[in-house]
1. At a Förster distance of 30 Å, what's the computed FRET efficiency of Lys888 paired with Gln834, Cβ-Cβ distance as r, to 0.05?
2. At 7 Å along Cα-to-Cβ for each site, give me the label-to-label distance between Ala541 and Ser494 in nm.
3. Work out the length of the dipole vector of region 218-273 about its Cα centre, built from +1 on the beta-carbon of each Lys and Arg and -1 on the beta-carbon of each Asp and Glu, and round it to the nearest 20 debye.
4. To the nearest 0.05, what FRET efficiency results for Arg210 and Gln827 with a Förster distance of 41 Å applied to their C-beta separation?
5. Can you give the FRET efficiency for Asp1060 and Ser92, using 1/(1 + (r/R0)^6), R0 = 60 Å, r = Cβ-Cβ distance, to the nearest 0.05?
6. Just to be sure I understand the model, the point goes 7 Å from the Cα along the line to the Cβ. What's the resulting Ser1041 to Gln264 distance in nm?
7. Taking other Cβ within 10 Å of each residue's Cβ, how do Cys652, Cys357 sort, fewest first?
8. Which loop trypsin sites (Lys or Arg not before Pro) in region 346-398, with loop taken from DSSP, have no more than 14 other Cβ atoms within 10 angstrom of their Cβ?
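Only the coordinates and a few stated rules stand behind these numbers; no lab work does. Note that this is a predicted model, so its numbers are computed, not measured. All Cβ positions, glycine included, derive from the backbone under ideal geometry; neighbour counts span all protein chains shown.
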Amino acid sequence: MLVLHALSGRGCLGNFKRTNSQDRSRTELFCLRYLTPALQETLFLTLKEDASIVDSTPIAYVGNIRANAETCWVSFPGKYSAGWEALISEFSGDSVACVFLCTRQDGRIYGVRDYLQFGYLMTIKKTLDAEKVKQKEDAAEYFPAMILASIAERRDSDQAAAMNAVCIREDASNKEQAEAVRQAELNWLRAGKVAAWGCAWYLLWLQRVREAVGRGQKLKAVFFPGQAGKGRVSMKELSSPNFDPWDGVGCGGSQKCELATLDQMQDREGPAWKYEAVDVGMFLRGEFSPGCEVDAKHGSEWIRGYLVKQTQYEFVTSDIRHASKNMEKFLEEFQKSQNALSDSLRGLLCGMHLESCKATRLPSGTPALGLAVRIPDIKALHALRDRVLDGRLQRDVNRKLDWAGLTFQVENSRGVSKKLAWAERAHTFQVDNTRFFELYEDSLLGLSKLTEHQEDRLKQMNGMRKIHLFAPAGTGKTFLAIHHLFELLRIKPSASVLYVAPSEALGLHFLQWLVARLAPKATDSVAEVHQVFSRLTFLHAPYTHFVRPDLDGACIFRKPVEAFQPFDQAIFDESHKIFPEDAHLTPAMKCGLAAGHILLMSDPSQSSAVSQSYPEMGQVVELKEVVRSTQRLVAGAGAFRLNVSGEAPVTCLGTEGPPLKTYLFDCKEPKKKLDEYAAHVITALWYVAQMFPGISFHRRIALLVPDSGFCGSLKPILQKWLKEQLPHRDLSLVCFREALSCLPGRLLGTTQSNEKELIILDSVDNADGLEQLVVICVGLDAPIDRAKGDLQTRARLYRGITRAQLLAVVVNESVPGGWLQFLGAVQFMDSKLQEEELTASAKSATKIQEEALRHVGALQSHTGCTKPQRSNTSDSGLPRPTENETRKLVSLKESSVWDTRSNKIARPTSLLFDPMEDDSKNSSENNPQAAIPDGSGSRVGYLSLIFDGGRVEQLFRKVYQILRQHNYDVLMVEPGAAQDYGDMTTHYLSRLHEENGVLVAVCTENYGEGTSSREVEFAVRYEISIMPLKMVDRYPPRPSSAQDKALIGFALPRSRLYADCRGLGEKEMLGCGCQNWSVVVQVSSHEGKDALDTTE
């Protein structure tokens, strides 16, 4: 047991007292988060850990399975060398399957995901300046340091050889460095572009564990302090190029591979592979000696103190760490430099003001740097979110620190300190993503500043007693309503308010939003919440009984209110569902409509009703600026939004955001349709995990299905799939009402640990007015029948997509004649969002809506007709294809909005709904692309270019998409487009060789470097035709290395015919008057296949 005493101060935990500075810090943070009128939050930066082989004392061990042992230790964090020594000494009778190989003789040990990150290229730091040594009259004082540097260099060289890496000195010449990079990339490519994971250690480890399982031994795995069982991932996550195994959560990177293997083997071979999670703290008793200064955890708070004595069994405190002073020293030294930390980070926080920087610890015990920031508005919040997600903030923070030239003292766990420049660090700062998303979610609800557009509309509402607020999804209708409500309560604190909503879940969301707005302003937030709740009454479908909300701890409960009462204010949210054409006004609804002030909020595009019967309002106010969603979400949902004549266009304040991801599939076995849906939902969840590594799914993902029947049938099947496919995560499915019935602890100033992650599974109807970070739309499509069902399907798809704040995913079986069938003819273009995509006004949905309404009206006028008849023509007047008709495939259309690369359906031959048709028709009349002939049966061509993100790359992405639309057999592999990039390159080049294709060489100045060099070499070796395109003035290209220059000089001599494409855009390049590109088209056709050749 550890008995701890405080260094100084007041307050106590047994014999352990917090320091004055710690107490003040806690109070300031509390006031910062909950008491200040402006919205302020804390962004946490932690130190990103490298593999233990890089930053710790090496452990060499090959495992030992004892015949008579009962326990086998199968995984251990290598950076805790003292704990490892305790394990092998105190548990000498147990088996140990752990394998640590650290020398050249041990074999290849570690490889990693990218040859430039860590793995295939290792740089030896410059330890001594040779010139300075020569200038010294007596260099004897440098001799010991030179010996140590030589030993360290030899050790690094051995380590690089063991990793199949290339070792290069920091002070090597540019030529030597370029050759090292080339060789490292070559080693990386030969290894298949995947993490080698230690060809030697992994196989030996697995062999040891198999032996232990065969002997019936109980398996145990050791985790980081206080994180037993955390940080486990699956093999699929490990294979993602975006996943960082050294994230500092739970266990080390190699351990994650070991534990993923054990989980996989448990699924395959049974419970014999099950393991017990053990905290490494049980081995670290020798690390803590009486009198040493430590950080100890009590509840959720970390407190500084010193160790008094140590006994055998347990700690008084719940967790303990060596006193972490590196963060404090980092801040002290940085503030001494000429530029303060706030100045260095200026411009990186997207317009947010940096209030303070403090060294702190996360609840897990991880040392962190807390950046207290003031968030001015939602636009700045969106910009910060994107910088965190794409890694720019992390990269720029570390770059700023590099440039600052900071030098400071660091101290290891044994108290040994040394002076270190930040540029020589073994660690880098990273953003703690889990806590960032908590910040993001709290800020979305807690922001009180209106946009200029919202302020203008609120002014229009002031003084009006009856208001109808029309607004598309995501424009902030509820946000504006809360402002309106607070203004009323400010003027009249005793006012009574009625909130009417179709679903109970929407009422709970409204309450959560109120609490988020109250918490930062109230000194006693709980009392303030109770006071406001006492002024509210709620009414939900079927609109017969009033209820009043209240709090029981963090849980929201509703108690019936018997007697009707007059209300000062009535808010009708989602009014398009409350007042359809056949709405029956209940006595409770009539009571609400008699209120002193009435606010109706509606969106015609979300309505599936034939018509509406709204009460008469005195003032109509419209919102047209989307603030909640990204631009791509607005563009994607716009395909299903109704286009009202004379209506102002919808704009978007958000950032571009990721594309909408689609998983369309052919249902092979109707009896197993739900299993197929479950399998594709699991794939979609993997995609989300790879897009946002390290975040919890808890209440951040919603699966939206068409109705309660589908939901009830899918839930047990999907829950089973979740348990089988994601065993390392404790995932449960709940509805919106269950998820929103409790307030997040952070809103009430309490902390909570969510081991269980709740994923929402509910119908679209129950999602009205709600929002989630990620939404997966499941099975929402249906055939277009020109009947009332079309109104429901269109509205369902629009409502589903617009529930997402950041990412929407569509999972659907292929529905012939359905609304989503057009996605089978969409090809994803990985580029910036085009202006025309965001402002496109698709009229197809409106046409189908109008046709369905006419058909419904005809049915109503002929009472004898009870069943809708399917129309024989499409909305464009073309006859529907019969089953026996063979029609030409629909032309491909490119889009940066819809990522359709995971679809598994055939390209359609006809479409009843095509939101991209209108714009393509309008632009084709004057578009030079129209002159390109159909390329069916053309000779296969391969676009070879340098992928550097520049203008030429963007240009040829468009060229590639356009040629594909015109049925040309053109190939192009883009970096990051697939995990098997190397295999795809090899496959495409093989096709050129086998089918007598042509390699189109896009000749920029450095063409012939990297992958393009190997492509040209392949073409020369196998006598494949090469068609050069001159893109810059300098020609032929001049790659940096002599070997590549010689290759390009042979393959592309000055005498070779080339197409001059300098300064041309895709339209000019593809136009009928451009003779340059017509040469390429001719070479790509059968008739011109021998026009150009590699032989002169």
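1. 0.65
2. 3.8 nm
3. On the way: 7 positive and 7 negative charges, 39 e Å.
Dipole of region 218-273, to the nearest 20 debye: 180 debye.
4. Values: r = 47 Å, r/R0 = 1.14.
Computed FRET efficiency for Arg210 and Gln827: 0.30.
5. Working: r = 77 Å, r/R0 = 1.28.
The pair Asp1060/Ser92 has a calculated efficiency of 0.20.
6. It is 3.3 nm.
7. Values: Cys652 23, Cys357 20.
Ranking Cys652, Cys357 by Cβ neighbours within 10 Å, fewest first, gives Cys357, Cys652.
8. Numbers: sites: Arg346, Lys358, Arg361, Arg374, Lys379, Arg385, Arg387, Arg392, Arg395; in loops: Arg346.
Filter output for region 346-398: Arg346.
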